[in-house]
Every structure is written in structure tokens, then in C-alpha cells.
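Undergrad: Sending over a structure as C-alpha cells; questions will come in a sec.
The values are calculated or read from the model by the stated rules, or taken from the named source; none is laboratory data. Everything quoted here is computed from the prediction, not taken from an experiment. All Cβ positions, glycine included, derive from the backbone under ideal geometry; neighbour counts span all protein chains shown.
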Amino acid sequence: MKLYSCLLILWVFIFSACKQVNTSSPRSNNGFEGEHPNLILTQNGVKEIRANLGTIPIFDETLAATQKEVDAQIENGFDVPVPKDYSGGYTHETHKKNYKLMHRAGVLYQILEDDKYAIFVKEMLLEYAQLYPTLPIHPKPRSYARGKLFWQCLNDSNWLVYASQAYDCIYDYLTENERNVLEKNLFRPFADFISEENPQFFNRVHNHSTWGNVAVGMIALVMEDDSLLQRALYGLKNVNLAKDLKDNDGGYINPDDQKIGFFANLDEPFSPDGYYTEGPYYQRYAMYPFLIFAQGLENKKPELHVLDYKNGVLLKGVNTLLNLTNANGDFFLLNDAQKGMSYYNGSLVSAVNIAYHFGGNNPELLSIAERQGEVSLDDAGLAVALGIKEGKSKPFTKRSIELSDGANGDEGAVGILRSDDLELVYKYTAHGLSHGHFDKLSFALFDEGEEVIQDYGMARYVNIEQKGGGNYLKENTTWAKQTISHNTLVQNETSQFGGVYDTASKHHSEAYIFNVKVDSLQVVSAKEDHAYPGTKFQRTMVTVKDAHFENPYIIDIMRVVSETTNQYDLPLYYLGQIVQTSFDYDKYTIPKILGTANGYQHLYKEASATSIEGVMKFTWLLDNKFYSYSAVTSNTDAIILAKIGANDPDYNLRSQPALILRKPKSKNAVFASIIESHGTYNPVSELALNAYSNVKHIEVVSDSQSYTAVKVELTNNKVQVFIVANASSNPNMAHKLEIDGHDYEWTGPFTYEKIKI
């Protein structure tokens, strides 16, 4: 018996030693070290997870839900169909489900040590390895870079990013022959296809290319192939691309731009503040590959210091994304974006976990993870679960913030003013690559997380096959990207930059003022000089807390200076039901169509009025709250009540209202207005409280190249004056202005004074 025990111990020792030699020495030539898993899950991480199971509630709950999902799929079997559909179709959604299931099953194998999960992944991967060599280009022709499993290489890249993680998890379970089959028939051809065979997709600065770069890089890390890794990090060299190749998102590829590869996609789209130029919807989408690859590189190639790159821009980006959400966690609709996308999305679960684990254990991130209610099943998710268990969580506080745009932070910005329950989002950025909209100096307004004045977002029903295959609809170009669909200036019924992407991409707005030092008076101002030839405009927006007002209110000043006489439209996309107007309007029995092009063809003109000299007032009700818009008008202005939905035979657009203030023949103009939230309606008691505006009068009392001044008279007869300096934002410059016999003196680019009358 003793001899048997000694022989057994000796056999285990020899087996372990042989295993170490066999798994490490063949890979030393490429500079990789370590055993599997070593990409996202690590061996030490797996040991710690197993040791803590049953004591970390949020992790245990996530694990149980994942196990239930995967077990059900194992019981039902899987399908690897021949691809034929756009997004939303059966084959598309099945392949999408498969890569997520493989990833989850691989993680379960490592954590639970149950071979059935490894078998599930192995069998599915081997079936893909049998199918993939037989596949032609995907039959659906819409994409500029068609995939094989999916209609576009982007989705093929999604598949490979997740499948790489699954492969890493079961790598040591597979025989050498099985690994050879997978790498020869599936993974290497797959990586070559989305890179060498589709350089127009791979060699870009765009969220598409980020996914492509990361897909190649992730499988390179698992297979320990340094040449593939270099391709992922630095792109394909010496590749000639056809000029003016249009992608399926409506943007154009720049074949002369040699900024390519993963690092280029870190350098160019991200500002130093962590803002991603395509906007938060696509930043959310891109952050998963960015961070998951960075985590893999941190574990396998720490000498690259990817998480420190560009002053830690990836980790900054997570904090930035969270600040780009409203009180409910929904992302603000900057550029192409779908309403309702939020930080509850799985990609943000991973992002928050990675940022906490690798970014200094910020306790505020734990409160976001608690709201998300789940963690990633890996080392980073364990760190978050332990932090929550140990009571380290602190509330994530969102404050007013300005987030610069552009690689160097000098291409405009997004300004967010938060005042009590109001959130004002003001956009004065660069165009935003192919997902950008023609909407310089536009804004949106939220109250307690609910949209009050909306940005339309994108015209797309993601993954709903019946709506254009789940892809971008033609109305995204004809409506959603056009200037008239946003709350900003439109000149002569044409979109900014003529609606031309190449022109818009050369310019950005200029940040002018962002001052939130005093909570009761927050000011943001920006200028736009290139949207319309010969025309310059500046918009200043202010949130004011005043004892006479139940809630903070907003002062909005849009100043336009032009070399020619034009028609100016300023739309307001309010949400809710009209309660009262100060003007009489003609409501048409049959609505007219407002225009013929540039988005105007999609607006019904339901009613109109000619304004009078003074102030127009407009009150509406939304979610049992009253809102009022008070604007300075002249007797030549027109007021248009419009609704979205004209020339929309397939009902692709949401039928929602707008108010348009039109100045028909003006060279220079000032649009000055007040937006306020006031009062409530209780449908149970049927009681309306504070249902009327607190603004009695608003007037532009001075306007010149140097200053614009707006006087606001309240219903209690108190008067306030806000003045903005138009020529200098120097915080130390002294100013003096006489208005109606009253001298105003101040230092800095603006002043707000209460005056006696």
C-alpha cells in the first residue's frame, strides 16, 4: 500500500512536470508565457473565484443565472445554420446567440469544473470549423465589407472576440489535434478574412475597425501568434484601398489615412477627457472590445501598458460614459443613438468591472455595479463583488461637466449642466465620423431622467428584421441626420454644411464659456463659424436657480450674424400635450408638408401663426408636469406647429410634435427664450398646481458685436438681466455696459443681476 502511494505521488509529480513542459516550452519563441486561461479569466482568478463562491452574492447570482441559461441550451441542443439573414433574422440571431453561449459555457467550465460545459464549447467550435471553410461571402449585399457568418464583417468580428475567450477557457481541455483543426480551419482563416481580405474594414479609425482589430488580437493572444498580434495593434501595411468607398452607415472611408490598428483607434476618436467622437451610444458599443482586449493585453503583454496609454484614456472613458447618462442611466442621444440604451447593457457591466479592477478601485463604480445587478464572471467581476461585499460602495455623483472632443481635446465639446433635477445637454463637437449628425449647437433637456425636449436619435430599429433588416433606414439620412430634426439653427431650409459629410468632418464648433463654479448660475456658450457660408452663430445657455421659481429655469440665447439676408428656423422638439399658447393659430384641416428636402419633407405643418412684437408663450404638459417656453418675437416672425411623419410610407418615423420659430427675412438675429418647469397635475385629486409660467416678459435690451443682454421680468414684477460678452471669454477681463440708463460693471465673460424698477 505504501509502495502504491509512493508510485501514485511520483506519477502525479511526473505528470505535472510534463504538463508544464509541454504547455510552456513550445510557446517561448513568440514571447508568450503562462497556461490557460490567461486572457480575461486567469488561473489565479479562477482559484480566487472558486474559493469565494457562496459568499459573494452579486457574483453568485450572476453565476446562477448564467448556469441556468447555458444548462437549458445544452439540454435543447444547438444549431449552426448556413448564414442567409440580415440582423434580426434567424441565422443572424442564432450565430449571435452561439458566440455568447460559448463564452458563458467556457467560463462555467473554468469556475465549476464541469466537463459538460467544455464539451458544449468544443462541439460547437468543431461544427463551426467544419462549416467555415465551405462558406462564401454572405449573400446579403448591403455592407461595404460583407462577412461570412454575418452580413457584415463587424458582426463576424463580434463572434471572434467572444469565441476567442471561449477557446482560451477550454484550451487545455482540447487535444492537440483538436486545437490544430480549430486553428487551421476556423480561427486563422477567420482572422485573415476580416483583416487581409477586408482591409477597407480593418484599416480604419471607426468602431467597426476597433472590433476587427480586437478580434484578430484576441485570437492572436490565445494562439500565441505574434504576427497576428502586430497586425491587430498596428494595422495592415502597404494596402491600397479604393477611394470614396461608402460604408453601410453612410460615412466614407479615407484610404489616404495611414492611422490604422488598435492604437490608432485609441489615439484618434478619444479626447483626453475620454469622450469618444462618435457619441456615447457607439462609445458604449466600442468600449467592450477596447477594454476586453486591454485586459487581455494587461494579463499577457503587461509591458505594453495599454491601460496607461494616452494618460489612461480607456479607464477615463468609463467615467465619461457614466457621466453621459441621465438620472435613469440612459445615454444621451448624441449623433446616431437608439433611445433607451443605458449602462445596464452588458458591455457597460464589463466596462465598470474592468475600470474598478484596473483603475484604482473607485468605490463610486461599485454603486453603479449594484444598480446593474450583475458582474462579469472573471477576475474583474470578482473584484467588484468583493468590494460590494466589504461595504466599500459609494454613490456615483454626476455633476455638471464639459467633455472635450477631438484627439487633442481641441475640437469643441459636450457641455452638461446639472441643476437639481434638470439636465441640459449641449452639443458643440466635431462631426463624429460616419455616425455624426449635422446639428452644431443643438441641445436636449431632461427632468428627473425623462426627456422633455428631445434629440430624435437615429432612424433604426436595431435587430427588428421587419424594419429594414434591423439596419439603418433611409430616413436616418433623409431625416434623423438633417439639421431640422434637432434643436438648433437652420438657415434657408438647408442642413448645416450642406448636409455633406466630407465638409462637416473638416470643422468643429468652438467652446467659448463653461462656468459651473456657482451652482445657482451655470453657463455654457459655444460658437459655430462654418456651418453656413458667411454666417456665424453663437449660443449661450444658462441654468438659473431663483427663489421665485419652483425649479431651476433655462435662459437660451442664439445670436446669428450673416453677410446676407436669410430665413432662420429654430425648432423646439418638446414632448407632451399642448396646454396653452399666447398666440392665435390657424390649424389646417389637412396638414401641409413643410418643405421638399433636407428633412423638411418629413414634417407636417399642422398649424401656423404670425407673431406679435414682444413675447410668445407656449405651455405643455408631460408626465403630469407643466413646462413653458417664452421667446422674444417680432411682428414678422412666424410660428409653426409641426409633427414628424410626412413622406413616411412605412411608418418608420415617430409621430412627435415640434414648435418652430421662424424669422423669414433677417441678416442678423437673436433668438432669446426662457424654458421653465413649473407645477404639477394630480389626476387622482384632479388638481393643477402652479400651472402658469412665472415669466411675465423677456426682452433683448442690447445686442452688439461686444455684448448681448436679455432682461427677464417675472410675474412678481422682479427683473433680472443676463449679459454675455461676445468678443472675449477672458475670465479676468473687466466690462462696462450702459443699458437704459443703468450701468453694469463686471469681470469675466458674463454677468447676471437682479435690478430694481
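Undergrad: When you look at S582, is it of a type in the set (G, A, S) and surrounded by 23 or more Cβ atoms within 10 Å (Cβ to Cβ), yes or no? Full working, then the answer.
TA: Working: of a type in the set (G, A, S): yes; surrounded by 23 or more Cβ atoms within 10 Å (Cβ to Cβ): no.
Judged against the criteria, S582 is not a match.
Undergrad: Let me ask something else about it. Would you be able to say whether some residue in segment 18-32 is closer than 19 Å to Q295 by Cα and at pLDDT below 95? First the steps, then the outcome.
TA: Initial filter on segment 18-32 (closer than 19 Å to Q295 by Cα): 31-32.
Subsequent filtering for residues that are at pLDDT below 95 retains 31-32.
Checking segment 18-32: at least one residue is closer than 19 Å to Q295 by Cα and at pLDDT below 95.
Undergrad: Could I ask something else about it? Considering only residues that are assigned to a loop (DSSP other than H, G, I, E, B) and crowded, with 20+ Cβ neighbours inside 10 Å, which ones fall in segment 666-675?
TA: none
Undergrad: So which residues in segment 349-368 are touching a Phe, Trp or Tyr at 6+ places or on another chain (Cβ under 9 Å) and surrounded by fewer than 24 Cβ atoms within 10 Å (Cβ to Cβ)? Can you show your working first?
TA: Going residue by residue through segment 349-368, those that are touching a Phe, Trp or Tyr at 6+ places or on another chain (Cβ under 9 Å) are 349-352, 362-368.
V349, S350, N362, P363, E364, S367, listed by residue number.
Undergrad: Could you count how many residues in segment 626-665 are surrounded by fewer than 20 Cβ atoms within 10 Å (Cβ to Cβ) and more than 33 Å from the chain's Cα centre (by Cα)?
TA: So the count comes out to 6.
Undergrad: Right, another one. Residue under question is V181, and the condition is that it be at negative phi and outside any helix (DSSP H, G or I); does it hold?
TA: Numbers: at negative phi: yes; outside any helix (DSSP H, G or I): no.
It is false that V181 is at negative phi and outside any helix (DSSP H, G or I).
Undergrad: To continue, here is another question. Do we find that A688 is modelled with pLDDT of 95 or more, of a type outside the set (V, I, T), more than 33 Å from the chain's Cα centre (by Cα) and under 15 Å from K754 (Cβ atoms) in this structure?
TA: Numbers: modelled with pLDDT of 95 or more: yes; of a type outside the set (V, I, T): yes; more than 33 Å from the chain's Cα centre (by Cα): yes; under 15 Å from K754 (Cβ atoms): no.
Considered against the rule, which asks whether it is modelled with pLDDT of 95 or more, of a type outside the set (V, I, T), more than 33 Å from the chain's Cα centre (by Cα) and under 15 Å from K754 (Cβ atoms), A688 comes out as no.
Undergrad: Go through the residues of segment 360-371 one by one and say whether even a single one is touching a residue at least 24 places away in the same chain (Cβ under 8 Å), over 25 Å from E390 (Cα atoms) and among the hydroxyl-bearing types (S, T, Y).
TA: no
Conditions tested, residue by residue: (1) at pLDDT 95 or above; (2) β-branched (V, I, T); (3) over 23 Å from T535 (Cβ atoms).
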{"site": "I593", "(1), (2), (3)": "yes, yes, yes"}
{"site": "Y629", "(1), (2), (3)": "yes, no, yes"}
{"site": "R654", "(1), (2), (3)": "yes, no, yes"}
{"site": "P657", "(1), (2), (3)": "yes, no, yes"}
{"site": "R662", "(1), (2), (3)": "yes, no, no"}
{"site": "N668", "(1), (2), (3)": "yes, no, no"}
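Undergrad: For N717, state whether it is closer than 21 Å to E510 by Cβ and in a loop (DSSP other than H, G, I, E, B). I'd like the intermediate steps shown before the answer.
TA: Working: closer than 21 Å to E510 by Cβ: no; in a loop (DSSP other than H, G, I, E, B): yes.
For N717, the condition - closer than 21 Å to E510 by Cβ and in a loop (DSSP other than H, G, I, E, B) - is not met.
Undergrad: Anything in segment 205-224 that is more than 20 Å from S347 (Cβ to Cβ) and either of a type in the set (S, T, N, Q) or buried (at least 24 other Cβ atoms within 10 Å of the Cβ) (or both)? List them, or say none.
TA: Matches in segment 205-224: A220, V222.
Undergrad: So, in segment 528-558, how many residues would count as being surrounded by fewer than 24 Cβ atoms within 10 Å (Cβ to Cβ), basic (K, R) and either touching a residue at least 60 places away in the same chain (Cβ under 8 Å) or touching a Gly at 6+ places or on another chain (Cβ under 6 Å) (or both)?
TA: Qualifying residue count, segment 528-558: 1.
Undergrad: Which residues, taken from segment 454-483, are surrounded by fewer than 24 Cβ atoms within 10 Å (Cβ to Cβ) and β-branched (V, I, T)?
TA: V462, I464, T477, T478
Undergrad: Which pairs do you get when a residue that is in contact (Cβ under 8 Å) with a residue 60 or more places away in the chain, found in segment 120-143, comes within reach of a residue that is of a type in the set (D, E) and assigned to a helix (DSSP H, G or I), reach meaning Cβ atoms under 9 angstrom, with the pair 6+ apart or on two chains?
TA: If the second residue must be of a type in the set (D, E) and assigned to a helix (DSSP H, G or I), the pairs left are L125/E178.
Undergrad: Let me ask you something else. Tell me, yes or no, whether segment 388-411 has at least one residue that is surrounded by 23 or more Cβ atoms within 10 Å (Cβ to Cβ), within 29 Å of S677 (Cα to Cα), in contact with a strand residue (DSSP E or B) (Cβ under 8 Å, 6 or more places away or on another chain) and of a type in the set (D, E).
TA: Among the residues of segment 388-411, not one is surrounded by 23 or more Cβ atoms within 10 Å (Cβ to Cβ), within 29 Å of S677 (Cα to Cα), in contact with a strand residue (DSSP E or B) (Cβ under 8 Å, 6 or more places away or on another chain) and of a type in the set (D, E), which makes the answer no.
Undergrad: Hey, any hits in segment 423-446 for a residue that's of a type in the set (D, E, K, R), assigned to a strand (DSSP E or B), in contact (Cβ under 8 Å) with a residue 12 or more places away in the chain and buried (at least 22 other Cβ atoms within 10 Å of the Cβ)?
TA: Pass one, segment 423-446, residues of a type in the set (D, E, K, R): 423, 427, 439-440.
Those still in the list that are assigned to a strand (DSSP E or B) too: 423, 427.
Next, from what is left, pick out any that are in contact (Cβ under 8 Å) with a residue 12 or more places away in the chain: 423, 427.
Adding the requirement that they be buried (at least 22 other Cβ atoms within 10 Å of the Cβ) leaves 423, 427.
Taking every residue of segment 423-446 in turn, at least one turns out to be of a type in the set (D, E, K, R), assigned to a strand (DSSP E or B), in contact (Cβ under 8 Å) with a residue 12 or more places away in the chain and buried (at least 22 other Cβ atoms within 10 Å of the Cβ).
Undergrad: Separate question: Looking at this structure, is H486 crowded, with 22+ Cβ neighbours inside 10 Å and over 30 Å from N551 (Cα atoms)? Break it down stepwise before answering.
TA: Details: crowded, with 22+ Cβ neighbours inside 10 Å: yes; over 30 Å from N551 (Cα atoms): no.
Criteria not met by H486.
Undergrad: Shifting gears a bit: Filter segment 412-422 for residues that are in a loop (DSSP other than H, G, I, E, B) and touching a strand residue (DSSP E or B) at 6+ places or on another chain (Cβ under 8 Å); which is nearest to Q295 (Cα to Cα)?
TA: Filtering segment 412-422 down to residues in a loop (DSSP other than H, G, I, E, B) leaves 412, 420-421.
Within this subset, residues satisfying the condition of being touching a strand residue (DSSP E or B) at 6+ places or on another chain (Cβ under 8 Å) are 412, 421.
On the way: G412: 31, D421: 36 Å.
Taking the candidates together, the pick is G412.
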